[in-house]
Amino acid sequence: MEKILLIEDLENAENKTLCAKFDEKIEGIDCVTPIHADLVIKFLGDFIEIKGHVSGTVNLECDLCLEKFEHKLDFDINEVYTKGTIVDDYENSDKEFEIKEGQFITDLNGEKEIDIYDLLYQSVILSFPNKKVCGINCKGKEYLSHEDNYDPRLDVFKNLQINPKV
């Protein structure tokens with residue numbers, strides 16, 4: 001799959017729709033397996049809609065014990081881009097506009113292309129859990145309090161006193 005989508009190619013495509021497959025590792029993410037994505041990209045006049053499904057396996061670091069563990073990816077993408085006319089209209093008006101679920105729109109700011117690789121990178125990163133834990137029985141604190149993990153450079157903080165302002 002091409003990593004860059006030219007908007008002109010989408011406008012000239014049959015039914016103004018392109019299908020794309022992505023099946024490779026993403027740089028900057030510790031991928032165990034290639035990230036697989038099936039995408040349908042539609043040109044809708046002022047908007048471009050990208051929908052699809054992403055799957056794969058990545059390594060994450062546990063927030064409790066700091067050990068690596070495998071995390072399976074399995075989520076949908078639903079992104080909408082605009083050439084800027086709609087967003088500009090709201091930004092330049094005095095009207096208030098409430099954004100509802102599913103109405104997040106990325107402004108292309110005059111760009112003639114969409115970086116699909118960057119879209120997938122951001123989507124994968126945002127799909128990670130807020131608290132990354134390797135398992136329900138994670139040792140966590142027990143692991144971190146173990147003598148082997150002691151750093152003597154932190155001794156300087158043992159006698160630190162903070163005087164509150166009166």
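So which residues in the stretch 26-41 are in contact with a Ser or Thr (Cβ under 8 Å, 6 or more places away or on another chain) and either farther than 30 Å from LYS68 by Cα or of a type in the set (D, E, K, R) (or both)?
Scanning the stretch 26-41 gives VAL40, ILE41.
Might you let me know whether the stretch 54-65 holds any residue that is in contact with a helix residue (DSSP H, G or I) (Cβ under 6 Å, 6 or more places away or on another chain) and more than 24 Å from ILE105 (Cβ to Cβ)?
For the stretch 54-65, residues in contact with a helix residue (DSSP H, G or I) (Cβ under 6 Å, 6 or more places away or on another chain) and more than 24 Å from ILE105 (Cβ to Cβ): present.
Just one of the numbered conditions (1) part of a strand (DSSP E or B); (2) surrounded by fewer than 14 Cβ atoms within 10 Å (Cβ to Cβ); (3) at pLDDT below 80 is not true of GLU101; which one?
Result: GLU101 passes all but (1).
Among the residues of the stretch 27-66, what is the count of those that are at pLDDT below 95, assigned to a loop (DSSP other than H, G, I, E, B) and surrounded by 14 or more Cβ atoms within 10 Å (Cβ to Cβ)?
Qualifying residue count for the region: 4.
Please go through (1) in a helix (DSSP H, G or I); (2) modelled with pLDDT under 90 for VAL124 and return the number of the only condition it doesn't satisfy.
Of everything listed in (1) in a helix (DSSP H, G or I); (2) modelled with pLDDT under 90, VAL124 misses just condition (2).
Go through the stretch 11-26 and give me each residue that's part of a helix (DSSP H, G or I) and surrounded by 14 or more Cβ atoms within 10 Å (Cβ to Cβ).
Selection gives LYS16 alone.
The values are calculated or read from the model by the stated rules, or taken from the named source; none is laboratory data. These figures come from a predicted structure and were not determined experimentally. Reconstructed Cβ throughout: ideal geometry from the backbone, glycine too, with neighbour counts over all protein chains shown.
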